[in-house]
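A.B. asks: Structure incoming, see below.
Computed from the coordinates by the stated procedures, all read-outs in this text should not be read as laboratory data. Keep in mind that what you see is a predicted model, and the values were worked out from it rather than measured.
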Amino acid sequence: GRTPFSEDVRVVPGSGGTWWEQTALAGAANREQLDVFFAPGYTAPLRLKMPSVLLVHDLSFVSHPEWFRAREGLRRRLFTKWAGMRATVILTVSEAARAEIDCVESSPHDLVAVWGAARTSEFAPGFIECWKPWRRIGAA
């Protein structure tokens with residue numbers, strides 16, 4: 001059925017994944033001349049010609065690289081960092097995640113906004129060790 005947003009939906013053909021995101025999705029977004037691009041899953045096309053809002057749920061792929069296969073962990077670390085450096089705004093879902101993101105020395109943002117259920121301090125840990133996670137992969 002129709003939704004209130006039916007006229008605003010565009011399907012970009014392809015199978016998804018990093019290559020599709022960086023080529024087909026980037027091209028489609030740029031052709032549409034969007035006002036802003038919302039990226040809800042850690043990464044965004046790096047060739048966007050409009051402001052972007054990046055949602056970074058956590059940095060588990062940095063703080064716990066053992067949870068990810070080597071290639072996937074590296075992909076997440078690199079593309080999340082690069083997308084974050086290009087993003088106009090970074091959103092995250094908790095104070096704990098914001099503290100982790102704020103610790104990243106290469107973050108150009110004065111503001112990383114918390115958006116979602118865990119906005120209050122009751123969800124923030126009492127102590128968060130601030131380290132330079134990107135140095136672990138030699139990308140800083």
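A.B. asks: Under 5 Å between amide H atoms, partner at least 5 residues away or on a different chain: which partners does Ser94 have, H built in plane at 1.01 Å?
C.D. replies: Trp115
A.B. asks: Next question, about the same structure. With a ≥ b ≥ c taken as the square roots of the eigenvalues of the C-alpha gyration tensor of the stretch 38-82, please select rounded if a/c is under 1.5 and otherwise prolate if a/b is larger than b/c or oblate if it is not? Provide the component values of the computation, followed by the final result.
C.D. replies: Numbers: a/c = 3.40, a/b = 2.00, b/c = 1.70.
It comes out prolate by the Cα gyration axes.
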